[in-house]
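Remarks on the structure that follows.
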Amino acid sequence: MLIGKVKGSVVSTRKCENLVGNKFMIIDVLEHMQTGAKQLIAIDKIGAGIGEYVLVAQGSAARIGSGMPDAPVDAAIIGIIDDGTGLEQ
Amino acid sequence: MLIGKVKGSVVSTRKCENLVGNKFMIIDVLEHMQTGAKQLIAIDKIGAGIGEYVLVAQGSAARIGSGMPDAPVDAAIIGIIDDGTGLEQ
Amino acid sequence: MLIGKVKGSVVSTRKCENLVGNKFMIIDVLEHMQTGAKQLIAIDKIGAGIGEYVLVAQGSAARIGSGMPDAPVDAAIIGIIDDGTGLEQ
Amino acid sequence: MLIGKVKGSVVSTRKCENLVGNKFMIIDVLEHMQTGAKQLIAIDKIGAGIGEYVLVAQGSAARIGSGMPDAPVDAAIIGIIDDGTGLEQ
Amino acid sequence: MLIGKVKGSVVSTRKCENLVGNKFMIIDVLEHMQTGAKQLIAIDKIGAGIGEYVLVAQGSAARIGSGMPDAPVDAAIIGIIDDGTGLEQ
């Protein structure tokens with residue numbers, strides 16, 4: 001998983017049917033957790049607010065772990081960070 | 001997911017049988033969403049036009065979420081972006 | 001998916017049993033489709049020749065989409081490119 | 001798999017229900033095993049301590065191999081390193 | 001798949017139960033096949049020796065293709081390279 005900060009959201013009216021009702025959040029990935037991309041888009045099942053630090057799972061974990069096994073989702077917010085020992089790097 | 005702009009398409013006559021009927025779009029990935037590659041090829045089930053900004057899912061999500069669980073597809077356009085708060089970076 | 005050019009092939013006599021009969025092609029990935037690696041190895045079910053431009057799928061798509069769901073394959077040639085609008089970058 | 005050093009942990013109170021009871025460890029990835037990110041977050045089923053060198057599996061292996069096939073987990077500590085020939089690079 | 005050279009191995013006594021009996025090899029990835037990481041750890045079901053050039057599969061292919069569908073394995077040696085046309089880059 002990686003940690004990022006919720007920056008905003010995107011609106012998509014024309015989308016796959018099995019995505020209706022989902023929110024697409026823009027995540028600023030923490031610099032030392034970036035595999036290259038500074039930002040990614042994740043669905044949000046937790047109700048994270050803009051500015052909050054969140055845990056993001058990628059790949060099949062996002063889809064299956066969010067209870068949407070048949071949806072085209074490859075990243076999901078799975079938790080909101082309260083505190084981290086060693087996170088400050 | 002990542003966001004990119006549809007740049008064009010590629011034609012492949014000799015291809016896997018389970019890909020017949022699909023369109024292969026060339027996607028210019030937004031710079032701050034690149035994990036390295038500036039472009040990728042995604043199938044399009046939505047009907048995106050050249051120049052439109054789209055949401056792209058990768059990995060098994062593209063295959064299963066597009067209703068093509070047995071096809072060799074690892075990237076799919078899953079929505080067209082209307083608007084984004086925080087997208088301007 | 002990404003696009004690359006078939007550069008050659010590798011021979012592996014001692015290999016997993018469920019790989020017997022497959023060809024392992026060396027693919028030069030197009031520069032703007034590289035996520036880092038300039039080359040990768042993909043199986044070929046299409047019959048691509050050296051010098052041809054091909055579509056390559058990665059991950060579970062390569063395995064399942066090639067009809068080899070139980071084989072240790074993570075990249076496959078899935079089509080040969082005829083022509084591309086916007087490919088010139 | 002990759003090898004990293006356990007640096008600390010993060011606390012997430014509001015998280016997906018199927019993650020309750022898991023520990024989220026911050027892993028400093030060994031420099032020559034980084035695909036870009038210097039750190040990642042992994043669950044820990046082994047009981048690794050801060051400062052220990054650990055083996056980390058990513059992707060569906062983390063989820064399925066940890067006996068949590070339905071949880072949104074994409075990285076897991078799967079072993080603690082005792083010794084390595086050739087690790088010093 | 002990628003090609004690398006077996007450099008050594010790591011020992012892990014405390015590890016997931018479903019990994020017992022496996023060897024964890026340190027692989028030096030060929031420079032032009034690196035997606036970033038110079039090294040990775042792969043299990044070895046073939047019996048590769050130190051110094052040999054090997055084919056490595058990653059992701060679910062490593063787990064399922066090695067007959068260990070429930071183990072936390074994301075990289076496996078799947079073949080030993082005899083010879084390659086075009087490998088010299």
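The values are calculated or read from the model by the stated rules, or taken from the named source; none is laboratory data. Predicted, not measured: the structure shown is a model, and the values here were computed from it. Positions of Cβ are backbone-derived with ideal geometry, glycine not excepted, and every protein chain shown enters the neighbour counts.
List of remarks:
This table checks each residue for (1) surrounded by fewer than 24 Cβ atoms within 10 Å (Cβ to Cβ); (2) of a type in the set (Lys, Arg); (3) at pLDDT 95 or above.
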| position | (1), (2), (3) |
| --- | --- |
| B:ILE3 | no, no, yes |
| B:LYS15 | yes, yes, yes |
| B:VAL29 | yes, no, yes |
| B:MET33 | yes, no, yes |
| B:GLY36 | yes, no, no |
| B:ALA42 | no, no, yes |
| B:VAL54 | no, no, yes |
| B:ALA61 | no, no, yes |
| B:GLY67 | yes, no, no |
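- Scanning segment A:17-36 for residues that are touching a residue at least 24 places away in the same chain (Cβ under 8 Å) and over 29 Å from D:THR35 (Cβ atoms) returns a single hit, A:ASN18.
- Residues of segment D:64-89 that turn out to be assigned to a helix (DSSP H, G or I) and free of Cβ contacts under 8 Å to residues at least 12 places away in the same chain, as a count: 1
- Scanning segment C:57-69 for residues that are in contact with a Pro (Cβ under 9 Å, 6 or more places away or on another chain) and more than 7 Å from chain B (Cβ to nearest Cβ) gives a single hit, C:ARG63.
- Residues of segment A:70-89 classified as modelled with pLDDT of 95 or more and more than 7 Å from chain D (Cβ to nearest Cβ), total: 7
- Qualifying residue in segment C:10-23 (condition: under 20 Å from E:ASP74 (Cβ atoms), of a type in the set (S, T, N, Q) and within 12 Å of chain E (Cβ to nearest Cβ)): yes
- Residue in segment B:44-62 that is assigned to a loop (DSSP other than H, G, I, E, B) and more than 14 Å from the chain's Cα centre (by Cα) present: no
- Near pairs, Cβ below 6 angstrom, 6+ apart or cross-chain, from segment E:37-49 (within 13 Å of chain D (Cβ to nearest Cβ) and more than 17 Å from E:GLY65 (Cα to Cα)) to any residue that is of a type outside the set (Ser, Thr, Tyr) and in a loop (DSSP other than H, G, I, E, B): E:ALA37/D:GLN34
- Being touching a residue at least 24 places away in the same chain (Cβ under 8 Å) and within 10 Å of the chain's Cα centre (by Cα) is a property that B:GLY8 lacks.
- Restricted to segment C:11-28, and to residues there that are more than 11 Å from the chain's Cα centre (by Cα) and in a loop (DSSP other than H, G, I, E, B), the residue that is nearest to C:ALA62 (Cα to Cα) is C:ASN22.
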